[in-house]
Amino acid sequence: MDHMPENWGRPRSDVYGSYQHAIHSAGPQSHTQVPSITGTSVIAMKFNNGVILAADNLGSYGSLARFTDQERLIKVGKETVVGFSGDASDMQYLESMLERLIIEDNYEQDGHNFRAPHIYEYLSRVMYNRRSKVDPLWNAILVAGKKDDGSPFLGYVDLLGITYSSPCIATGYGAYLAIPLLRKLVSEDEDAKNVTEEQARAAIDESMKVLFYRDARSLDKYTVATVTLDGNVKFDKDVRCQNMNWRFAEGIRGYGTQKQ
Amino acid sequence: MTSIGTGYDLSNSVFSPDGRNFQVEYASKAVEADGTAIGIRCADGVVFAVEKIVSSKLLVPGANKKIQTIDKHVGVAYSGLTPDGRHLVDRGRSESYSWRGLYKSPIGVPILADRLSGYVQAYTCYSSVRPFGVSVIVGGVDKSGPHLYTIEPSGAFWGYMGAATGKGRQAAKSELEKLDLPNISARDAVKAAAKIIYIAHDDSKDKDFELEISWVSTSETGGDHQFVPKDLLDEAERLAKAEDDDDDDDDDEMDED
């Protein structure tokens, strides 16, 4: 007689072998629970004739600057640019997923094609669906392009499925360092009407420089993409931070081992 | 066909004593009854053109396209039973879609043609099915350059520099032979294709037809399969019509003589 009530009704260990405790901890299958190769901020803002985005070309492996030729802005369809920060493998997965989406859309050559809001809606459902499986795609994503009415579109979606739109958006460190600089030009949607492409580009270049100064996972080589309202997408690759001045670094105290 | 009515043509996949598969030959007849489709392999791509017979004035213009896209870089044009062509295009799409999923790269045109022809051939082997009633011109640009194939109802597939199927294929083929293939530019090939469709068209049998032209070209479309822009289609059609009318005038003059 087994006097331990917790064993009653269970398969007997002497007959079936002892209980495998690994079964207890078995959970749903998951893949990227921690990002591996990562990309840092993507920054973007609207201007009077479209949207401009930038992302540097670094693929970090932890704190190691592992890849310096990582392209993180991709063109999707005819007139949309998607910018990825976060895990590079999940970015590549979404990239091929979006490419197949566009191919299927082009089966019917009916003159209609996906615009930025449609791609954004699709991506946001994919991201929320994956977070609901507790298997998120480890990215924060910006989608830029044109709305159906021809006005500029800019949207954000991340690994939790959080979405929002704003005339200036930045992911990661950019949300802290670039947004204040970009909002000096455009803080409300209406402000974008008074900002030219040249002004917007200057603000983006300045923000990328500040990010390179302060973000330890960034690179001074980046890509700028511009979507204009006539439906053109322009990529400016291998852009370098200009007129950098590191004299301020001497004055920085409080990190590392300095005493004074 | 002397062997018709001898019983060897009633079931698919049955050989006649002289080694023919009649059901496949009858499928080819369905192809020969439909409008002409041509494909031209040019310097950096492929051009498709179709004479789509308009059976009723009530049909919406531009509906029921006979040129379709299989993948970004691959197009098809076909003559024969349209639903059979539609089904084969669906098969081609799923083949190239799953190739992308597996290999993260676009499918090669020769591989796609090989797989589709294997699918078509299987429909000649079983008594429970009938062969495809279409000849499909498959073409596109992949990393090894432009390719053009025709898949016949038997499942045979041949590579071509210029291909033609359907009613006017004989006239179209002799016109294709006059072109400087494969050195012709994509733009010139579009104009030549329009001309050939007009030449192959028989006014006395079918009055109305729609001209469909599409292309895949490295220089013109960035390697994507698309219908040609409206202004180019209109220009090609105008030139083709002008030439066709000239020929008719010549004929008239000869009649007068």
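Summary of computed values
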item	result
Principal axes of the range B:146-257: Cα extent on each, largest first, Å	49, 37, 27
³J(HN,Hα), Karplus 6.51/-1.76/1.60, whole Hz, each residue of the range A:74-80, x for Gly, Pro	10, 8, 10, x, 8, 9, 10
Lysines whose Cα lies under 26 Å from that of residue B:104, excluding same-chain neighbours fewer than 8 positions away	A:75, A:78, A:133, A:234, A:237, B:72, B:143
Neighbour-count order for A:90, A:149, fewest beta carbons within 10 angstrom listed first	A:149, A:90
Peptide A:98-109 - average C-beta neighbours from other chains (10 Å radius)	4
Helix-derived mean residue ellipticity, 222 nm - over chain B, DSSP H n ≥ 4, -39500 (n - 2.57), to 500	-13000 deg cm²/dmol
Computed E for residue B:144/residue A:113 - FRET, C-beta separation, R0 30 angstrom, nearest 0.05	0.60
Cut-off of 10 Å, at most 16 other beta carbons, DSSP loop: longest stretch of chain A lacking such GluC sites (Glu not before Pro)	A:109-187
Förster-model FRET efficiency, 35 Å R0, residue B:230 and residue B:180, C-beta, rounded to 0.05	0.85
Cα centre as origin, Lys/Arg/Asp/Glu Cβ charges: the range A:186-260 dipole, Debye	720
Chain B - convex hull of alpha carbons, volume per residue in Å³	156
Computed FRET value (nearest 0.05) for residue B:208 with residue A:3, which takes r as the C-beta separation and R₀ as 60 Å	0.05
Surface/4 of the Cα convex hull for chain A, nm²	23.1
Distance in nm between pseudo-label sites at residue A:248 and residue B:58 (7 Å out along the Cβ direction from Cα)	7.5
Within the range A:187-212: backbone nitrogen closer than 19 Å to the residue A:234 label point (7 Å, Cα to C-beta)	A:192-208
Note, ³J(HN,Hα) from phi for the range A:93-104, Karplus 6.51, -1.76, 1.60, rounded to Hz, x at Gly and Pro	4, 5, 4, 6, 5, 5, 5, 5, 4, 5, 4, 5
Chain A, relative contact order in percent, only Cα pairs under 8 angstrom and at least six apart counted	23
Top of B:139, B:159, B:168 by mean-square fluctuation, Gaussian network on chain B, Cα under 10 Å	B:159
About the Cα centre, charge dipole magnitude for chain A (Lys/Arg +1, Asp/Glu -1 at Cβ), debye	840
Within the range B:93-208: Cβ-based charge dipole about Cα centre, in debye rounded to nearest 20 (Lys, Arg +1; Asp, Glu -1)	280
Label-point separation, residue B:218 to residue B:20 (7 Å along Cα→Cβ), nm	4.5
Exposed-loop-free span, longest in chain A, where trypsin sites (Lys or Arg not before Pro) count as exposed if DSSP calls them loop and at most 15 other C-beta atoms lie within 10 Å	A:148-252
Relative packing of B:7-15, B:42-50, which averages over residues the other C-beta atoms within 10 Å, highest first	B:42-50, B:7-15
Sparse-neighbour loop sites [chymotrypsin sites (Phe, Trp or Tyr not before Pro); the range B:80-173; at most 13 other C-beta within 10 Å; DSSP]	B:126
Label-point separation, residue B:94 to residue A:65 (7 Å along Cα→Cβ), nm	5.0
Relative contact order [Cα under 8 Å, 6+ residues apart], chain B, whole percent	26
Those residues of the range B:162-182 whose amide nitrogen sits under 18 Å from the label point placed on residue B:239, 7 Å along Cα→Cβ	B:175-182
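None of the figures in this text is laboratory data; all of them are computed from the coordinates on show. Computed from a predicted structure; not experimentally measured. Don't worry about glycine lacking a Cβ; one is built from the backbone with ideal geometry, like all the others, and counts go over all protein chains shown.
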